[in-house]
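The values are calculated or read from the model by the stated rules, or taken from the named source; none is laboratory data. Small disclaimer: the values here were computed from a predicted structure and weren't measured. Note that each Cβ is placed from the backbone with ideal geometry, even for glycine, and that neighbours are counted across all protein chains shown.
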Amino acid sequence: MSTAGETPATGRPRSETARQAVLHAVDNMLVEQGYAAMTMKGIAERAGVGKQTVYRWWSSKAEILHEAATLDASHELASPAAADSPSDLAAYAETLVTFLTTSHAGLAYRALVGEAQHDPKVAELISASDLVKPSARAVIQRAVERGDLPASTDMEDAIAELVGPILYLVLRNAPARSRGHWRRYAQRFLDGRRS
């Protein structure tokens, strides 16, 4: 899969204008039509580029959507450090909920997670480069650096324990939670990881 700023190993270099057009097209089509209705041909037409151009850089609509969402997620999920770990984790949880429920990139992530349930290639794509993982890792690492989590913390497990329940609530359209709820959630996460 090509990622931002790369050029394919063979063929012509990627046109940044065409790349941006494709990434914007896939974002808009996801919102307007949904994941299932999108096709590579439709994406190319919407972007105003040839279908062969799209296939030269991406092998599936999932790869295009993943790249578009990853670029947005890196900004939208950035969570500045708070004064303490419970506040930091609670703020991140709220940021993640907002991302998953209101952002085009969050919608894309949810679509990809859904598709991954029956498409092994999409599951592999998410597993190899989960767009939520870097932001979750950063906030957990800050708790480790403060001494609020052990230095031996298994990051993969900790990320799953932090993000998993939040994703579950969002996927089942649970009612919004208060700031106090997320503060308690963060404290339970810290207490559970220390025990």
Filtered residues of the range 126-171 (kept if of a type in the set (V, I, T) and either over 16 Å from F189 (Cα atoms) or within 14 Å of the chain's Cα centre (by Cα) (or both)):
I126, V132, I159, V163, I166, V170
Inside the range 139-194, the number of residues satisfying the requirement of being under 18 Å from L77 (Cα atoms) and either of a type in the set (S, T, N, Q) or not in a helix (DSSP H, G or I) (or both) is 1
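Here is a yes/no grid of residues against (1) surrounded by fewer than 22 Cβ atoms within 10 Å (Cβ to Cβ); (2) closer than 21 Å to R146 by Cα; (3) at pLDDT 90 or above:
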position: H66; (1), (2), (3): no, no, yes
position: T70; (1), (2), (3): yes, no, yes
position: S74; (1), (2), (3): yes, no, no
position: S79; (1), (2), (3): yes, yes, no
position: A83; (1), (2), (3): yes, yes, yes
Looking at (1) without any contact (Cβ under 8 Å) to a residue 40 or more places away in the chain; (2) closer than 30 Å to R142 by Cβ, find the lone condition where A47 falls short.
(2)
I'd like to know if the range 52-70 contains one or more residues that are in contact (Cβ under 8 Å) with a residue 12 or more places away in the chain, in a helix (DSSP H, G or I) and acidic (D, E).
yes
Count of the range 112-138 residues which are among the acidic types (D, E), assigned to a helix (DSSP H, G or I) and out of contact with any helix residue (DSSP H, G or I) (no Cβ under 8 Å at 6 or more places or on another chain):
1
Condition met for Y109 (in a helix (DSSP H, G or I), touching a helix residue (DSSP H, G or I) at 6+ places or on another chain (Cβ under 9 Å), hydroxyl-bearing (S, T, Y) and over 23 Å from A69 (Cα atoms)):
no
Would the range 26-44 turn up any residue that is among the hydroxyl-bearing types (S, T, Y), within 30 Å of R137 (Cα to Cα) and at pLDDT 95 or above?
no
For the range 111-132, name all the residues that are surrounded by fewer than 18 Cβ atoms within 10 Å (Cβ to Cβ) and of a type in the set (D, E, K, R).
D119, K121, E124
